[in-house]
Amino acid sequence: MDFWRLVHNENLKIVLKKSTWILTILMIIGSPIVPIFLKLIDIPFSAPDVIYQSFNLYFIVIMLSLIIASESVSSEFSRGTIKLLLIRPWDRWKILLSKYISVILFSLAATIVFVILNIIFAYILFPASGNSILSAASSTPDLVLTIVYNYIRALVLITVAFMLSSLFRSTALSITISILLYFSGNTLNGIFRLFLEQEHREFIKYLLSTNLDLTQYFASPTGTFGMTSLGFSLGVLLVYMIVFIAITWFSFVKRDVRA
Amino acid sequence: MESNSNPVVPSTVHISKDPMPDSNEHHGANHLPVVQFQNVSKVIGGKTLIDHLTLDIPAGKVFGFLGPNGAGKTTTIRMMVGLMSITEGDILIDGQSIRTHFEEAIAKVGAIVENPEMYKYMTGRQNLMQYARMSPGVDPQRVEEVVQFVGLTGRIHEKVSTYSLGMRQRLGVAQALLHRPKLLILDEPTNGLDPQGIRELRDYLRALTREEGTTVFVSSHLLAEMELMCDAIAVIDGGKLIDVRELHTTAEAEADLIAKTAVIFELDQPERAVELTSVGQVQGNTWTIEADRQQVAQFNMLFVSNGIAVYAIRPIKRSLEDQFLELTRGGQL
């Protein structure tokens, strides 16, 4: 039996839903805002700079993916369809995996659309390259690295939302908590920095929010807090991912379905 | 009892032109129970919901699972299909443990647990294709076949959100039948259905057992329904199995022919009946007597020839409902 049929099923559940399309269209409309805005204020940027700047708006892709990830497991419970889904000749972990893969595929597709739109708009609106005010001072970070770093952040957050979806079996709760986590991360770190003594700040470097944004290493190899490195952050994120996936697995595979 | 003219279930329908090889062999020849509950218990938070349930479900029958609300019917069914874990004991489906060989065991099962919930934003067919992709050997042609069997062909390309409850129930039956299960499990299938829908469901089940040899396990708290639908029933209350019995078997029907049963005669002059026969009891305008069939006819002849008007002759049968109440009384609350 072909496991990819399960993934295909999950993709259809996402794609056939009207709300997915509404949100995706909003995302598509929102994607090229940065190039358009930069054109309007009429500062001479080079196209690569514009593309780099456009990732300030990548959070709309993350939000969209978080919504999809939050719904993936919990909506089966709220609809009651979980009872028909889990009585097929597939172990529960395979069904869970197919859901996780479909959510990741969706976020990848949204990312690709976002990047392509921004590349197109950047090169249409800023055709003349060379006399950029930014690239004169420092070189623009590599496009592929920018995409990869941003996507890693998206992937970790999606995994959180997916975990919450499976843990609470409630869409509203998992969307709210994962988006809160996304936006509150840096604020929390700032507060810790203000109120904690130097010697007590050590734990900050193990927090998820400290390591989530890998683009911080474009500016400094020791990160925003001057206490981490790229390799360290990747390691921390990996550990978090393993814990999240373990919690997701346990809450989906081992618990009774009473919905 | 069966209406072959029912448009929804034509008697000529063959859902299984080439049944799975082993299902054909087992049918009839093999007397292995389709489901074996082996000392099954379920404890949640210190509360025993199912208490050492041991029960065999024979093949090819419509088997009823009867009990008042909260007796443990749904819990039992959820353990059967692996939605809930089993605290103690085991459940074998076609000889395979649902605990240790889930994929093999569940492949033999089609089920509707409570209401058939569907993806409302998809069409009926898109919903069925979801489940078709998850079972081996279910091709689009089989999907058409099942859609026809449950009589949804005309509306299958419409969104489920436009369906009535009866149509959703039919779609639920369709998804449960796609993979030609040996065992069909229905949890409170008549909930929310109108009499027409209940009747259709009953006809599907009969057609299935008759034509495919499917075993049907159906839970309900509605006695009258069970009496019409089932070949045998198990009664459960407070998580314990109370009784297992066959309903209207041929042997029972034959025994009825010679057995003496209590019979009520409705007469215009019941007192004269006692004078003539010097047996029986009078109550109002009825006369009650223990008699077999032959004797009933003789009494009738006697009364008529003596100018007593006979309005009605009725056997007194304890209904299943009386028996059920008797069984579950005391165990409650």
If you go through the range B:121-137, how many residues are at pLDDT 95 or above and more than 8 Å from chain A (Cβ to nearest Cβ)? 7
Options B:Glu104, B:Glu144: the member that is among the charged types (D, E, K, R) and more than 20 Å from B:Gly213 (Cβ to Cβ): B:Glu144
Flag for A:Arg258 being at positive phi and within 14 Å of chain B (Cβ to nearest Cβ): no
Within the group A:Thr210, A:Thr248, A:Thr176, A:Thr159, which residue is among the hydroxyl-bearing types (Ser, Thr, Tyr), part of a helix (DSSP H, G or I) and surrounded by fewer than 17 Cβ atoms within 10 Å (Cβ to Cβ)? A:Thr176
Starting from residues that are within 22 Å of A:Ala246 (Cβ to Cβ) and either among the hydroxyl-bearing types (Ser, Thr, Tyr) or more than 10 Å from chain B (Cβ to nearest Cβ) (or both), keep the ones in the range A:78-99 and report whichever is surrounded by the most Cβ atoms within 10 Å (Cβ to Cβ). A:Lys99
Residues that are under 29 Å from B:Leu228 (Cα atoms) and outside any strand (DSSP E or B), drawn from the range B:42-65: B:Pro58, B:Ala59, B:Gly60, B:Lys61
Does the range A:66-77 contain at least one residue that is closer than 23 Å to A:Asn9 by Cβ and touching an Asp or Glu at 6+ places or on another chain (Cβ under 6 Å)? no
Among the residues of the range A:68-75, is there at least one that is over 18 Å from A:Leu157 (Cβ atoms), in a helix (DSSP H, G or I) and not acidic (Asp, Glu)? yes
Only one residue in A:Phe106, A:Phe121, A:Phe114 is of a type in the set (A, V, I, L, M, F, W, C), modelled with pLDDT under 95 and in a helix (DSSP H, G or I), so which one is that? A:Phe121
Go over the candidates B:His31, B:His27 one by one and state the one that is more than 18 Å from the chain's Cα centre (by Cα), at pLDDT below 85 and loosely packed, with under 15 Cβ neighbours inside 10 Å. B:His31
Options B:Glu104, B:Glu88; residue that is of a type in the set (Asp, Glu) and within 14 Å of another protein chain (Cβ to nearest Cβ): B:Glu104
Considering the range B:141-189, residues that are within 12 Å of another protein chain (Cβ to nearest Cβ) and not aliphatic (A, V, I, L, M), and then whichever is surrounded by the fewest Cβ atoms within 10 Å (Cβ to Cβ), we arrive at B:Ser161
Give the residues of the range B:213-228 that are modelled with pLDDT of 85 or more and crowded, with 19+ Cβ neighbours inside 10 Å, sorted by residue number. B:Thr214, B:Thr215, B:Val216, B:Phe217, B:Val218, B:Ser219, B:Ser220
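The values are calculated or read from the model by the stated rules, or taken from the named source; none is laboratory data. From a predicted model like this one, the values you see are computed outputs, not experimental measurements. Methodologically, a virtual Cβ is constructed for each residue, glycine included, from the backbone with ideal geometry; neighbour enumeration extends over all protein chains shown.
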